[in-house]
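The values are calculated or read from the model by the stated rules, or taken from the named source; none is laboratory data. This one's a predicted model, so the numbers in the text were calculated from it and none came from an experiment. Note: ideal-geometry Cβ built from the backbone for every residue, glycine included; neighbour counts use all protein chains shown.
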Amino acid sequence: MTAILEANGLVRRFTGGDGQPITVLDGAALAVEPGEFVAIVGASGAGKSTLLHLLGALDRPDAGAIRLEGVAFADLDAEALSELRNRRLGFVFQFHHLLRDFSAVENVMMPLLIGGRDDAEARTRATDALARVGLAGRADARVTVLSGGEQQRVALARALVTDPAVVLADEPTGNLDPPTAARMQALFAEPARRSGTAIVVVTHNASLAAQADRVLVLDGGVLRRVDAAELAVAE
């Protein structure tokens with residue numbers, strides 16, 4: 001099967017407080033197939049979020065190449081990258097980044113409206129997406145009255161509403177209590193199984209990582225596969 005998301009030779013450097021360069025990624029490579037659920041683990045500061053930002057076209061590597069559905073990010077200008085992010089990528093973060101003055105359904109509608117869909121179609125699709133994450137009865141609730149777990153499910157519905165090729169999630173259960181986190185874990189596996197959307201999750205949660213088709217550890221700026229026995233060590 002052809003990879004839907006490919007990254008090769010990724011290098012990302014930053015300047016430290018002493019003015020010296022710090023290499024966070026040093027040749028990282030990844031290939032994700034359609035419908036695959038991949039978890040990325042590693043120590044704090046290993047560069048997991050940096051990697052996710054590169055894969056999501058939120059940042060550019062110092063070296064290396066990334067392709068989504070065969071399209072090289074390096075070949076796209078800022079406007080084309082923005083359109084790609086909106087249409088073909090979904091994002092879920094630890095802190096939901098929801099619009100507090102809007103309802104759940106209005107938040108989920110937003111990527112569709114930005115993409116040029118009319119209000120009626122956007123509302124219908126957003127309502128369906130909320131139903132998929134178990135929030136059919138909370139669509140019109142303002143997000144500020146929702147629990148943390150409900151807000152994270154709204155964020156997941158927003159990520160899925162455009163039927164993206166890939167959903168990228170950064171510590172999606174990190175701000176949730178254990179019972180709520182456990183309920184969220186099952187929801188992350190479902191899109192890959194149901195609709196062929198690939199899921200790439202950065203997490204410290206071994207239980208969430210264990211549900212993935214593959215677990216990769218980021219160490220020394222590169223990715224390597226780990227099995228279940230190594231997972232606790234990789235954390």
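For residue 132, the requirement of being under 19 Å from the mean Cα position of the chain (by Cα) and charged (D, E, K, R) is met.
Against the test of being on the phi > 0 side of the Ramachandran plot, at pLDDT 95 or above and out of contact with any Asp or Glu (no Cβ under 9 Å at 6 or more places or on another chain), the options 116, 64 yield a single qualifying residue, 64.
For the range 186-215, give me each residue that is modelled with pLDDT under 75 and farther than 16 Å from residue 157 by Cβ. Correct list: 193 only.
Screening residue 135 against (1) without any contact (Cβ under 8 Å) to a residue 60 or more places away in the chain; (2) of a type outside the set (Val, Ile, Thr); (3) buried (at least 20 other Cβ atoms within 10 Å of the Cβ); (4) within 21 Å of residue 53 (Cβ to Cβ) leaves a single unmet condition, (4). When the range 164-213 is limited to residues that are hydroxyl-bearing (Ser, Thr, Tyr) and closer than 26 Å to residue 45 by Cβ, the one that is surrounded by the fewest Cβ atoms within 10 Å (Cβ to Cβ) turns out to be 207.
Yes or no, residue by residue, for (1) under 25 Å from residue 56 (Cα atoms); (2) among the basic types (Lys, Arg); (3) not in a helix (DSSP H, G or I):
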site	(1), (2), (3)
116	yes, no, yes
121	no, no, no
126	yes, no, no
130	yes, no, no
151	yes, no, no
169	yes, no, yes
175	yes, no, yes
179	no, no, no
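Considering (1) touching a residue at least 24 places away in the same chain (Cβ under 8 Å); (2) assigned to a helix (DSSP H, G or I); (3) surrounded by fewer than 20 Cβ atoms within 10 Å (Cβ to Cβ), the lone condition that residue 74 does not fulfil carries the number (1). Only a single item in (1) within 23 Å of residue 190 (Cα to Cα); (2) free of Cβ contacts under 8 Å to residues at least 12 places away in the same chain; (3) part of a loop (DSSP other than H, G, I, E, B) is not met by residue 96, and it is number (2). When you go through 89, 51, 84 one by one, which is the residue that is crowded, with 18+ Cβ neighbours inside 10 Å, under 16 Å from residue 32 (Cβ atoms) and at pLDDT 95 or above? Answer to the check: 51.
When residue 43 is tested against (1) out of contact with any helix residue (DSSP H, G or I) (no Cβ under 8 Å at 6 or more places or on another chain); (2) in contact (Cβ under 8 Å) with a residue 60 or more places away in the chain; (3) outside any loop (DSSP other than H, G, I, E, B); (4) of a type in the set (A, V, I, L, M), just one condition goes unmet, and that condition is (3).
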